[in-house]
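To keep things clear, I will list the structure first and then write my remarks on it.
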Amino acid sequence: MKTIVAATKNKHKIMEIEAITGRFGMNIIPRDEAGVSDVEIPETGTSFEENSYIKAYEIMKLSGQITIADDSGLVVDCIGGAPGVYSARFAAFPGIWPGDDDKGTADSSDRDNNSKLLELIKGFSFEERTARFVSVITMVFPDGRTIAARGEVEGHLLLEERGEGGFGYDPIFIPLGYDRTFGELPAELKNSISHRANALKMLKEKLENIAIG
Ligand code: IMP
């Protein structure tokens with residue numbers, strides 16, 4: 001089984017990536033197990049694709065091993081697509097978008113991010129509160145080859161948090177076709193329909209067309 005380093009330090013993301021890639025025969029190890037821990041990679045890109053590549057490439061350079069990165073976030077239509085690539089640090093800046101002084105670092109807590117988002121969307125109807133989670137998974141090989149795949153899941157936002165499962169914006173997001181949030185649905189179900197699951201399925205298809213070795 002091929003060992004692949006996960007660029008993220010987010011334990012929830014690692015658990016989800018492991019749960020999904022385990023079915024594909026990949027062995028994911030956290031980056032600290034590959035000797036890379038105390039490094040912060042500023043996410044200075046303006047797209048999920050850019051940030052995903054930055055993270056995978058930087059950790060691949062430090063570990064010398066095949067590296068996988070996820071850059072993800074929540075795109076909310078009624079507030080112009082925010083927080084998008086700024087999802088992890090949404091509450092760290094005052095407006096809907098960060099200012100020119102944004103350094104690409106300094107994440108804020110899930111609780112603060114959710115409170116800020118709930119305040120911004122409270123004047124919109126359920127039909128208007130459409131949103132999607134996006135995940136771009138990038139795999140970078142030591143020889144420079146790169147494979148990227150994007151996955152999305154559509155849904156609606158609630159005006160209150162529901163459920164203890166998952167992480168991030170999960171307690172306010174109801175995927176289309178369900179009546180419970182990602183915070184309430186079983187992890188196995190989230191991991192079969194999520195943006196991350198969809199991106200990883202596409203990555204697997206792309207990997208089947210090349211020899212990783
Ligand atoms: P990243 O680490 O820069 O990719 O930021 C991802 C951020 O997007 C997380 O901190 C969460 O706020 C949000 N996010 C991404 N995926 C999920 C998910 O599956 N559930 C809930 N929130 C998510």
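The values are calculated or read from the model by the stated rules, or taken from the named source; none is laboratory data. Everything numeric in this text was worked out from a predicted model, so none of it was measured. Neighbour counts are summed over all protein chains in view; Cβ atoms, including those assigned to glycine, are modelled from backbone coordinates with ideal geometry. Each accessible area value is taken on the protein alone, full model and side chains, heavy atoms only, with ligands, DNA and RNA left out. Shrake-Rupley method; radii C 1.70, N 1.55, O 1.52, S 1.80 Å.
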Worksheet item: Based on the Cβ-Cβ distance of residue 176 and residue 39, what FRET efficiency does E = 1/(1 + (r/R0)^6) give at R0 = 41 Å, to the nearest 0.05?
Response: 0.60
Discussion item. Is the C-alpha gyration tensor of segment 1-120 telling us rounded, prolate or oblate? Criteria: a/c under 1.5 is rounded; beyond that, a/b larger than b/c is prolate, otherwise oblate.
Written reply: prolate
Fill in: By average C-beta atoms within 10 angstrom, highest first, the peptides 14-25, 118-129
14-25, 118-129
Response to the item:
Magnitude of the Cβ-charge dipole (Lys and Arg +1, Asp and Glu -1) of segment 25-95 about the Cα centre, nearest 20 debye, reported as 20 debye
Worksheet item: What length, rounded to one decimal in nm, is gained on full extension from residue 192 through to residue 146, with 0.36 nm per residue of separation minus their alpha-carbon distance?
Response: 14.1 nm
Item to complete: Pull out the extension gain between residue 18 and residue 102, defined as 0.36 nm times the separation in residues minus the alpha carbon to alpha carbon distance; nm, one decimal.
Response: 27.1 nm
Response to the item:
Quick shape check on segment 83-159: root eigenvalues a ≥ b ≥ c of the Cα gyration tensor, a/c under 1.5 is rounded, otherwise prolate if a/b tops b/c, else oblate, and it reads oblate
Worksheet item: In degrees from 0 to 90, rounded to the nearest 10, what is the angle of the helix 11-22 Cα long axis to the longest principal axis of the chain?
Response: 60 degrees
Item to complete: Would you mind working out the magnitude of the charge dipole of the chain relative to its Cα centre, with +1 at each Lys and Arg C-beta and -1 at each Asp and Glu C-beta, to the nearest 20 Debye?
Response: 580 debye
Practice prompt. Measure nothing fancy, just the Cα-based angle from helix 48-63's long axis to the longest principal axis of the chain, in degrees from 0 to 90, nearest 10.
Written response: 40 degrees
Worksheet, complete the sentence: Rounded to the nearest 10 degrees, the helix 110-121 long axis (Cα) sits at an angle to the longest Cα principal axis of the chain of 40 degrees
Worksheet entry | Förster radius 35 Å - calculated FRET efficiency between residue 164 and residue 61, Cβ distance, rounded to 0.05 | 0.40
Worksheet, complete the sentence: Given a 1.4 Å probe, the accessible area of segment 15-145 per residue, as a whole number of Å², is 46 Å²
Worksheet, complete the sentence: So residue 27 and residue 122, fully extended at 0.36 nm per residue minus their Cα-Cα distance, gain in nm 30.0 nm
Item to complete: Using a 1.4 Å probe over the heavy atoms of the protein chains, calculate the carbon and sulfur portion of the accessible area of segment 1-128 as a whole percent.
Response: 50 percent
Practice prompt. For the pairs 116/190; 122/206; 55/122; 11/201; 11/103, note any where the Cα-Cα span goes beyond 29 Å.
Written response: 122/206; 55/122
Fill in: Helix-derived mean residue ellipticity, 222 nm - over the chain, DSSP H n ≥ 4, -39500 (n - 2.57), to 500
-8500 deg cm²/dmol
